[in-house]
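A short worksheet on the structure shown next.
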Amino acid sequence: MALVDAWFADKQLEGKTVLVVDDTLDNLILIEAYLRSSGVTIVTASNGIEALDKIKSKRFDLVVMDIQMPTLDGIEVTTILRMRGFEKPIIACTAFGDGGSLLGEGSEFNAYLAKPLTRTNLLDCLTRLIEPVRND
């Protein structure tokens, strides 16, 4: 991503709130570092149950969801969210598989990112899925 593209991506995301769900602390820290300069408000959850609780009490513009987690995996959490009426984009993230099965017909996910994530891939995906901030 060119420097100018990165600047515009950062500005487009400014003021948005993103929930990042991952049971690995290193992944939460990495994603938070990637998004920090973009002006995004980042909320983290270390498991599916915590994610469901946070979504009950706060409005999110997008969710970055790890797939393989104990207790409730990312697919189960996403299914519950959709059943509860959550319509914002959810990005599936996993180090296992190619994502094809996560985005097939009937999928509840809006996009897939393979781990390890790169800042470029993450920002590209978020700017594609999040509506830009309007300065009316």
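The values are calculated or read from the model by the stated rules, or taken from the named source; none is laboratory data. Every value quoted in this text rests on a predicted model; they were computed, and no experiment measured them. Note that we place each Cβ from the backbone using ideal geometry, even for glycine, and neighbour counts take in every protein chain shown.
Couple of notes before you dig in:
- Filter result for ILE90 (under 15 Å from LYS16 (Cβ atoms), at pLDDT below 95 and not polar (S, T, N, Q)): no
- Residue ranges of strands (runs of 3 or more DSSP E) in the stretch 18-128 with at least 2 members surrounded by fewer than 22 Cβ atoms within 10 Å (Cβ to Cβ) and touching a Cys at 6+ places or on another chain (Cβ under 6 Å): 111-114
- The set of residues from the stretch 75-86 being at pLDDT 95 or above and either under 11 Å from the mean Cα position of the chain (by Cα) or within 24 Å of LEU123 (Cα to Cα) (or both) comprises VAL77, THR78, LEU81, ARG82, PHE86.
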